[in-house]
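Novice: I am attaching a structure below and will ask some questions about it afterwards.
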Amino acid sequence: MGALRGDGARRLPRYFAARLLVRDGALAANDVACGLLLLALGYRSLSPQGGLARWGATAVGIWLLLAPLAFWAPMTASYAIETVVGALAIDFSTLIPGMPGMRMLDGPTTPPG
């Protein structure tokens, strides 16, 4: 453990900041805006009347899938992260809770027989 305490321990955070966190300004601003929009739409979709908020979150997820192509993402990591987050936004807003406006039919959970 003592070997990490030299100059290398101070350079490691700068290395990661330079290699992993530096991204295109427009794409980073888009990520922040989409994140705030997903937070607001997710909060709104908690109520039973928030059906359109779920569709809005789905639209933001689709935009996140297309944003690296629109902004010409400079790194493949940016493209991969945007794709994963966009797919998760679509999954958690529409596919997992069920499509807005649809409800389960009443009846037994197992078929007769």
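Novice: How about the stretch 76-113: which of its residues are over 19 Å from L52 (Cα atoms) and either at pLDDT 80 or above or in a helix (DSSP H, G or I) (or both)?
Specialist: Scanning the stretch 76-113 gives T76, A77, S78, Y79, A80, I81, E82, T83, V84, V85.
Novice: May I pose another question? Could you please find all residues in the stretch 26-54 being surrounded by 15 or more Cβ atoms within 10 Å (Cβ to Cβ) and closer than 12 Å to L64 by Cβ?
Specialist: L27, N30, D31, C34, L37, L38
Novice: Based on this model, can you work out whether P68 counts as modelled with pLDDT under 90, touching a helix residue (DSSP H, G or I) at 6+ places or on another chain (Cβ under 9 Å), of a type outside the set (A, V, I, L, M, F, W, C) and loosely packed, with under 14 Cβ neighbours inside 10 Å?
Specialist: Spelling it out, it is not the case that P68 is modelled with pLDDT under 90, touching a helix residue (DSSP H, G or I) at 6+ places or on another chain (Cβ under 9 Å), of a type outside the set (A, V, I, L, M, F, W, C) and loosely packed, with under 14 Cβ neighbours inside 10 Å.
Novice: What pairs can you find where one residue is in the stretch 23-37 and modelled with pLDDT under 85, the other is surrounded by 15 or more Cβ atoms within 10 Å (Cβ to Cβ) and assigned to a helix (DSSP H, G or I), and their Cβ atoms are less than 8 Å apart, with a gap of 6+ or different chains?
Specialist: Cβ pairs passing all conditions: R23/S78; D24/S78; L27/A67; L27/P68; L27/S78; L27/E82.
Novice: V60 - would you say it is surrounded by fewer than 16 Cβ atoms within 10 Å (Cβ to Cβ), at pLDDT 90 or above and assigned to a helix (DSSP H, G or I)?
Specialist: no
Novice: I've got another one for you. Out of the residues in the stretch 32-57 meeting the condition of being in a loop (DSSP other than H, G, I, E, B) and touching a helix residue (DSSP H, G or I) at 6+ places or on another chain (Cβ under 7 Å), tell me which one is nearest to V85 (Cα to Cα).
Specialist: S45
The values are calculated or read from the model by the stated rules, or taken from the named source; none is laboratory data. Owing to the predicted nature of the structure, the values given are computational and were not obtained by experimental measurement. Cβ coordinates were reconstructed from backbone atoms using ideal geometry, including for glycine residues, and neighbour counts include every protein chain displayed.
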